[in-house]
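Colleague: Dumping the structure here so I can ask a few things about it.
Every number in this text was worked out from the coordinates using simple rules, so none of it is lab data. Remember, it's a predicted structure, so these values are computed and weren't measured experimentally. Reconstructed Cβ throughout: ideal geometry from the backbone, glycine too, with neighbour counts over all protein chains shown.
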Amino acid sequence: MEACDPTKLSIVLPCYNEEATLEYSIQTLCATIDGLVEARLVDGGYCVVCVDDGSTDGTWTKICDLSKRMGHVMGLKLSRNVGHQNAIIAGLEHVARQCDAVVTMDADLQDDVESIKEMMLKYRDGADIVLGVRRNRKSDSWIKRHTAQLFYGLMKNTRTPVVPNHAEYRLMSRRAVECFLQYGERNVFLRGIIPSMGFRTATVYYDRAARKYGKSKYPMAQMLNFAAEGITSFSIRPIRLIFFVGLVSLFLTVSVGIYVLVAILLGRTYPGWASLILSVWFIGSLVLVALGIIGEYVGKIYLEVKHRPRYFVEATTAGCNSGEGGGGAEEIAGHTK
Ligand code: UDP
Ligand code: MG
């Protein structure tokens, strides 16, 4: 394929009870992509895949109706609600072999569709992953803004590789999608996994609008759940914390021991008090340290069972004995542009 050939693009939209917004979202999205087709950035055969994540309203009927009326739209109905992350994966698995690049975004189109053009340009420039990052969080409520800040702080402390203010709006090349699909884990946190995959990654900044139709599916409880999932899916640092708390507690036991000694010398004790208080501190600390050591092994097992791919090869040079001199670097895994 020549460098200037239009890219075969797919767009994956996870939809959970999005009946109210789909007409607007699909019309707006297709109008934008049609513009990119005219600009010869995107191939005319692009596909918008709406993944119905077990909706309980008329979302599926709406998707069927849209796909009948618009050739670029297709639906994928999941048998039950499996969550935002899994719905995106279902879409990615479906389109991985049909396109050169995939854009994932929320069905409510809060993320600026116009940024797809910039994403395409960065992809054509050689990026395998283009992350959509919000310029600010002005469109969020006070509580969402502050919990998000806390969330990113926690992520940083637990060494979870997230990019602040990047959610599920991103472009991935076909080979990035194929590599991503090698992750077999069930506890998925896309915005941690994808930036940690490597490959050439670019960023596009955009302003996030407020939701036009329908309601948010992420109330506070869901968000806390998601944050806990994010941290535990990547980091075993919280387990390590137990061990350090145990060590601090052992250190405090020594201080308590000194205090007890002083109390004995001053005669301010009752029979049995000193041995009891020291045993409580000492045994408590030992239990914590022991739990920390066991936790360290459990953490290793946890990372092992995820069975994450060890590496991805990004490029190779020409093979040995393949002609005069060496060759330049060759991209592998079908990064077609
Ligand atoms: N979503 C989903 N499954 C769920 C919850 C949400 O597929 O169980 C989709 C939802 O339809 C939307 C996206 O995930 O396309 C983000 O949800 P939402 O816009 O409600 O989140 P917010 O923008 O409020 O954080
Ligand atoms: Mg939204």
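Colleague: Do the alpha carbons of any pairs in 117/156; 77/300; 77/217; 144/300 sit beyond 29 Å of each other, and which pairs?
Modeller: Correct reply: 117/156; 77/300; 144/300.
Colleague: Near residue 53, within a Cβ-to-Cβ distance under 11 Å, what is the net charge of the other residues, with Lys and Arg +1 and Asp and Glu -1? Don't skip to the answer; put the middle values down first.
Modeller: Details: positive: 77, 80, 217; negative: 18, 52.
Result for the local shell: +1.
Colleague: Let me ask something additional. Determine ³J(HN,Hα), in whole Hz, for all residues of segment 103-119 in sequence, where each value follows from phi through the Karplus function 6.51 cos²θ - 1.76 cosθ + 1.60 and θ = phi - 60°; x replaces Gly and Pro.
Modeller: Values per residue, Gly and Pro as x: 10, 10, 7, 5, 5, 7, 6, 5, 7, 5, 4, 4, 5, 4, 4, 5, 4 Hz.
Colleague: Please report how far the C-alpha centroid of segment 191-214 lies from that of segment 244-320, rounded to the nearest whole angstrom.
Modeller: Their Cα centres are 38 Å away from one another.
Colleague: Still on this structure, please answer the following. Select from 59, 147, 160 the residue whose mean-square fluctuation is largest in a Gaussian network model of the chain (Cα-Cα springs shorter than 10 Å).
Modeller: Among 59, 147, 160, the largest GNM mean-square fluctuation belongs to 147.
Colleague: Tell me, what ³J(HN,Hα) does each residue in segment 212-228 have, in order and in whole Hz, if you take phi through Karplus 6.51 cos²θ - 1.76 cosθ + 1.60 with θ = phi - 60° and put x for Gly and Pro?
Modeller: 7, 10, x, 10, 5, 9, 10, x, 3, 4, 4, 5, 5, 4, 5, 5, 5
Colleague: With only Lys, Arg, Asp and Glu charged, each at its Cβ (+1 for the first two, -1 for the last two), find how big the charge dipole of the chain is about the Cα centre; round to the nearest 20 debye.
Modeller: It works out to roughly 1260 debye.
Colleague: Hey, another quick one. Taking the 0 to 90 degree range and rounding to the nearest ten, how far is the long axis of helix 273-306 tilted relative to the main principal axis of the chain, both from C-alpha atoms?
Modeller: 20 degrees
Colleague: When you count, for each residue, the other Cβ atoms within 10 Å and take the mean per peptide, how do 165-174, 26-35 rank with the highest first?
Modeller: 165-174, 26-35
Colleague: Okay, moving on. Rank by packing, highest mean first: peptides 314-321, 191-198, with packing defined as the count of other Cβ atoms within 10 Å averaged across residues. Numbers along the way, then the final one.
Modeller: Numbers: 314-321: 10.2, 191-198: 18.1.
Output ranking for 314-321, 191-198: 191-198, 314-321.
Colleague: Let me ask something additional. Please list, by residue number, every one of the trypsin sites (Lys or Arg not before Pro) in segment 195-292 that is coil in DSSP and has at most 14 other beta-carbon atoms within 10 Å.
Modeller: Passing both the DSSP loop test and the Cβ count: 212, 215, 268.
Colleague: Here's something else I'd like to know. Do any trypsin sites (Lys or Arg not before Pro) in segment 1-106 lie in a loop, going by DSSP, with at most 12 other beta-carbon atoms within 10 Å of their beta carbon, and if so which?
Modeller: 40, 80, 97
Colleague: Moving on. So how do 88-94, 254-260 stack up, highest first, on mean other-Cβ count within 10 Å? Please report the intermediate quantities before stating the final value.
Modeller: Details: 88-94: 20.1, 254-260: 13.3.
The peptides rank, most packed first, as 88-94, 254-260.
Colleague: Using a 10 angstrom cutoff on alpha carbons, build the Gaussian network for the chain and name the most mobile of 25, 285, 235.
Modeller: Of the options given, 285 has the highest mean-square fluctuation.
Colleague: Return the long-range amide H neighbours of residue 48 (sequence gap of 5 or more, or a different chain), with a cut-off of under 5 Å between placed amide H atoms.
Modeller: Amide H neighbours of residue 48: 11, 73, 74.
Colleague: Mind checking the angle between helix 19-38 and the chain's longest principal axis? C-alpha axes, 0 to 90 degrees, to the nearest 10.
Modeller: Tilt relative to the chain: about 60 degrees.
Colleague: Hey, another quick one. Among 125, 108, 52, which one shows the highest mean-square fluctuation when the chain is modelled as a Gaussian network with alpha-carbon springs under 10 Å?
Modeller: Result for the chain, Cα springs under 10 Å: 125 fluctuates most.
Colleague: Select from segment 1-90 those GluC sites (Glu not before Pro) which occupy a DSSP coil region and have at most 12 other Cβ atoms within 10 Å, ordered by residue number.
Modeller: 2
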